[in-house]
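So the structure is just underneath, and the comments pick up after that.
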Amino acid sequence: MNTSLETETVEVLCELLQTGDEADRCYAARTLGVLRSRSAMPYLIERLRDEDVDVCVDAAEALGKIADESAVPALIDSLQNETSGEISSMVTEALGRIANTDCVDVLLEVLTERPEGLEWDGDWDTWWDIQLEAVKALGAAGAEEAVESLVAFIDDEASQDIENEVLTALVAISGPGLTKVIERQQNTANKTLSRRRATRALAGAKTPEATKVLGRALQDKDPEVRAEAVQALAAKKEERYLSALLLLLRDQSPEVRDAAIRAVTELAGQASLQGDLQETLLMMLNDPSSLVRATLFNILVPVVGENPLSNEYFKIVVASTFENSAETATAACRLLGKNGNAEAITTLLEHIRNEDGHPMVRREAILAMGEFGEISDDIIDALIHAVGDAQQPVRLAALTTLMSLDPQYGNVNIDDDEQTSLPRPLSIVIDAVNGAIRVPGDTQSSDKPVEDEEIQMESEAPQSDAVQNGVVVDFEPNMERQFFETTSGNETLTNPVPEEIAETIKLPETPARIVEEGEVAPAMSTLDAIAIENVEMMLGEDKAEQETPETDETTQEYLDVVEANKAEMKRIRASKRITPDQDVRLLGARVLAAANDDEAIDALITALSDEDDLIRREAAEAIGEIALRNPGNPKLMDSVGTLITQLAVGDLEQKITCARSLSFLGNRSALVPLIDALNDPQPNVRIAAIQSLARLTIFGLDPKDSGHMVVREVPAISVARKLLRCLSDDNIGVRVAATNALSKVLAEVQDQQLTEQSIEKIIASVVEFTGEEARQIGQALRAFDSTISNRTLLTKLRTAEDSIKRSVYIEMIEEILNPDQRRPERVV
């Protein structure tokens, strides 16, 4: 940034700080603080006595961010004479940021004595806020003379309960402050809560003495203190205490065990797990607690590849795959896969074939099978059956494993006859996409779609009513969610009514009438019921029909938004109604995204024309992912025509997916269709088209070198001009996307005049609408020439006719010049 221009910016803001209205002064003060402008300090100090409370608060905050000690006297004076609790609280916070020892006396004063004349905020005493900030400031200043006062504050029952903050401050003071915290932690006469809080505070101490105290606290008589010590040592990343923490996995307290499991898992990921530590872990593999074993298995997963399990420990892990605890059995299967002992294959196959087994255990067994890289009739047969399993996690795992095994197919060491009969894994996945693999019991699936189910994971008793009829449809790419297996379907869903209750139930003397069709709404989830009830309440659908009154423009706009949201909710629900057979096809298309074979690409291209819109979408997404890895694959070009067609005529999701995939393919013949998509009525399609245009313009392949037939070449400067027009779009997301895209395309064009024109247009577009995207646009302008952007904004700031427009320009300037490059809170 030009230094003289930055100085000019500060001068303009300082002028506004003196002459602008209250909004101008707030925005200017806030931005001067973000810019850390020391030259603005006299003007900010003056604003500490501003007639507007918000300006005073923002000025104090800015002085705290600048953190220059020369502001301390003015801040102290303000603290001693101010009656506004809001201002005093911010002044105290600013003193804490500066952390000067000169302010200790006044901080102690406001901590122990309520300032005279200090205002209340309704029922809230603003002194409490000031005390809290004073405590933090004393800790930041390292004020040893404040230690006794801070300890007395904790012990004063009349004081507010901010013990955690006071203890943190004492630890920050170190020396005598840390000593007081250790004394409180070790004094068994203190309340458990107080000792636990002291233990937590010691996590922030950096001295060996504090760490030793935490280590001894692992043997404390109070389980709450032990649990807190465990968490504190994990927070300090004290790996040397890992062996001691392992012993706490057997602690009698569930809270301690839970803390130990999380701490051991975290620390073990950082430790080498070699030598004595690994041997300690192995010796605990036969622990009677399944939860302990599950934790140990997960810790050992990353290391058994280099240090495989001995035969003794291997057998223990194999036996653990049959645990009643799903988490333990799952972790054991995962460990067997990483361990690499092929003797585990028989056990894994047993789990895979067990249709009554826990779905997550079977899933992990399938994935573990893929780790061995072996192919046989038994393995392929088990995986084929798993692809058609009733449980989606099992289906996805089987398809994923087949894809991982496909590269090994040519290396299978079997005779020619068996080679002929053994299907290629990739072909099985393609069959799944084509609908050749069906889920048993889904014969009426086309007529009775299955809704998504929300399923939870517990650690024992694998039973749940969350899955109906053995089918789960949870179309999410990440299948790490854990859940329990279904009920058998034959169980009684309701318990008999106890006699003592039945006697009190009186049946009506006359039978109720038969409910007519349509009178009772279909069952729905609680969230859906709440949402629909809210909509009904807003629209008055639950009341008798009344004559519709005329609505004004604002009300009608609101009602239109409600109707649009209802339509979108209906569309989203409909998109999730998929059957198990559909799900097999969708998952198959998804895993084909990992392939590079022409056979897989042909299958996906065929799927682009499938009658099922979800299959078309998944195929388009998969083609894009393949292209992202290998954009030069000529076979992919066979999909361009279909993707372009669907970009024009597909539904919302298909258009977005096609736009994205076309940009990854790198075929510049898609530039014209993407430009046409800028006029799509759906904002999300326009946003996707903008992003794809920028990507294809910059990274598109050369038509001559690639052999692509491009009828009409579109130069980058033409794309930039098209994007410029998008800045007038009435959708904020489109305007922000166009700004970000322009920054990338203009870098390729290298046209100074067009760049300046674009910056001018971008800034004008922000004030043309509501200005709510000012910060987002300011962040995007960092990618342009910041000198041009800032000079343009300064010119407009000087001539802006009202504070609303000036606030928009100031926010953009702040984002461009912000040294932290973080998005600060909007000034209110």
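The values are calculated or read from the model by the stated rules, or taken from the named source; none is laboratory data. These numbers were taken from a predicted model, which means no experiment stands behind them. Note that each Cβ is placed from the backbone with ideal geometry, even for glycine, and that neighbours are counted across all protein chains shown. Heads up: the accessible areas ignore ligands, DNA and RNA and are worked out on the full protein's heavy atoms, side chains in. Shrake-Rupley method; radii C 1.70, N 1.55, O 1.52, S 1.80 Å.
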Within the stretch 788-803, residues open to solvent by less than 60 Å² (accessible area, probe 1.4 Å), under 13 Å from Glu760 (Cα atoms) and among the hydroxyl-bearing types (Ser, Thr, Tyr) come out as Ser789, Thr792
For this session: Determine, yes or no, whether Glu82 is in contact with a helix residue (DSSP H, G or I) (Cβ under 7 Å, 6 or more places away or on another chain) and open to solvent by 50 Å² or more (accessible area, probe 1.4 Å).
Result: no
Within the stretch 643-658, can one find any residue that is open to solvent by 40 Å² or more (accessible area, probe 1.4 Å), hydroxyl-bearing (Ser, Thr, Tyr) and at negative phi? yes
Right, Ala94: of a type outside the set (D, E, K, R), within 15 Å of Lys136 (Cβ to Cβ) and either open to solvent by 40 Å² or more (accessible area, probe 1.4 Å) or modelled with pLDDT under 95 (or both) or not?
no
Counting only residues in the stretch 22-47 that are among the acidic types (Asp, Glu) and under 40 Å from the mean Cα position of the chain (by Cα), the one most open to solvent (accessible area, probe 1.4 Å) is identified as Glu22
Within the stretch 53-62, can one find any residue that is in a helix (DSSP H, G or I), under 28 Å from Val151 (Cβ atoms), modelled with pLDDT of 95 or more and of a type outside the set (Asp, Glu)? no
The lone condition Glu119 fails out of (1) of a type in the set (Asp, Glu); (2) open to solvent by less than 80 Å² (accessible area, probe 1.4 Å); (3) closer than 23 Å to Ala59 by Cα is (2)
Taking first residues from the stretch 98-117 that are small (Gly, Ala, Ser) and second residues anywhere that are outside any helix (DSSP H, G or I), the pairs with Cβ under 6 Å that are 6 or more apart or on different chains are Gly117/Thr83
In the stretch 758-803, residues that are under 22 Å from Gln691 (Cβ atoms) and part of a helix (DSSP H, G or I) total 16
Is it the case that some residue within the stretch 307-314 is crowded, with 23+ Cβ neighbours inside 10 Å, in contact with a Leu (Cβ under 9 Å, 6 or more places away or on another chain) and not in a loop (DSSP other than H, G, I, E, B)?
-> no
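Answer with yes or no whether Thr188 is at pLDDT below 95, open to solvent by 70 Å² or more (accessible area, probe 1.4 Å) and at negative phi.
yes
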**Message:** For the stretch 64-72, check the following and say yes or no: at least one residue is under 30 Å from Leu214 (Cα atoms), in a helix (DSSP H, G or I), open to solvent by less than 10 Å² (accessible area, probe 1.4 Å) and at pLDDT 95 or above.
**Reply:** no
Given (1) surrounded by 23 or more Cβ atoms within 10 Å (Cβ to Cβ); (2) small (Gly, Ala, Ser); (3) farther than 25 Å from Pro703 by Cβ, Ser663 misses just (3)
So the helices (runs of 4 or more DSSP H) completely within the stretch 213-294 holding 1 or more residues that are of a type in the set (Gly, Ala, Ser) are 223-235, 242-247, 254-268
Taking the stretch 750-763 and keeping only residues that are in contact (Cβ under 8 Å) with a residue 24 or more places away in the chain and either surrounded by fewer than 17 Cβ atoms within 10 Å (Cβ to Cβ) or not small (Gly, Ala, Ser) (or both), one is left with Asp751, Leu754, Thr755, Glu756, Gln757, Ile759, Glu760, Lys761, Ile762, Ile763
When the stretch 614-665 is checked residue by residue, the ones that are over 21 Å from Leu693 (Cβ atoms) and touching a Lys or Arg at 6+ places or on another chain (Cβ under 8 Å) are Ile615, Glu618, Ala622
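Does Ala747 qualify as being open to solvent by 40 Å² or more (accessible area, probe 1.4 Å), in a helix (DSSP H, G or I) and not polar (S, T, N, Q)? Talk me through it step by step, then tell me what you get.
Details: open to solvent by 40 Å² or more (accessible area, probe 1.4 Å): yes; in a helix (DSSP H, G or I): yes; not polar (S, T, N, Q): yes.
Judged against the criteria, Ala747 is a match.
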- prompt: Quick check: is even one residue across the stretch 385-399 open to solvent by 10 Å² or more (accessible area, probe 1.4 Å) and free of Cβ contacts under 8 Å to residues at least 12 places away in the same chain?
  reply: no
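Look through Leu614, Leu647, Leu628 and report the one residue that is touching a strand residue (DSSP E or B) at 6+ places or on another chain (Cβ under 9 Å) and not acidic (Asp, Glu).
Values: Leu647 fails: touching a strand residue (DSSP E or B) at 6+ places or on another chain (Cβ under 9 Å); Leu628 fails: touching a strand residue (DSSP E or B) at 6+ places or on another chain (Cβ under 9 Å).
Result: Leu614 is the single residue among Leu614, Leu647, Leu628 that is touching a strand residue (DSSP E or B) at 6+ places or on another chain (Cβ under 9 Å) and not acidic (Asp, Glu).
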When restricted to Ala600, Ala694, the only residue farther than 30 Å from Ser743 by Cβ, crowded, with 16+ Cβ neighbours inside 10 Å, touching a residue at least 40 places away in the same chain (Cβ under 8 Å) and small (Gly, Ala, Ser) is Ala600
Screening Glu350, Glu306 for residues that are out of contact with any helix residue (DSSP H, G or I) (no Cβ under 7 Å at 6 or more places or on another chain) and closer than 30 Å to Pro440 by Cα leaves only Glu350
